[in-house]
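Notes to accompany the following structure.
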Amino acid sequence: MALRYRISKRNNSIGKNTANYILQAVNTGTIDLDTLSESISNECTLHSVDVKAVLMALGKKLDYHLSEGKIVDLGDVGKFKMGFSGVAAATPKH
């Protein structure tokens, strides 16, 4: 599986404000739930409605277990975990 990316120039705001180059993933579009369900059903004996029901249940269970702080390991599909980003603050209240 090839990953599409671009190289972008960014200024580092910490220190000397020097330019750095980063890789950014580039997407090629969006696949919706109905299209994915139909595609999967074409490769197995399940009807697309059944596949869609399982994918919707998977989404709900992912949400639940991730909100509980768990890492969800789906084998070859991948591992899912919560993450966040923030900025440094001078005090804990900020």
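The values are calculated or read from the model by the stated rules, or taken from the named source; none is laboratory data. The model shown is predicted, which means the values in this text are computed figures rather than measured ones. Note: areas computed on protein heavy atoms with side chains; ligands, DNA, RNA excluded. Shrake-Rupley method; radii C 1.70, N 1.55, O 1.52, S 1.80 Å.
Normalised per residue, the accessible area of the chain is 93 Å², obtained with a 1.4 Å probe and no contribution from ligands, DNA or RNA.
By a straight-distance test (C-alpha under 15 Å), which aspartates and glutamates pair with residue 61 as possible cross-link partners, with residues fewer than eight away in the same chain excluded? The qualifying aspartates and glutamates are 73.
Taking only the Cα atoms of the chain, the radius of gyration and Dmax are 19.9, 60 Å.
The share of accessible area on the chain that comes from carbon and sulfur is 56 percent, using a 1.4 angstrom probe. Rounding to the nearest 10 and keeping the result within 0 to 90°, find how far the Cα-based axis of helix 48-67 lies from the longest principal axis of the chain. For helix 48-67, the angle is close to 40 degrees.
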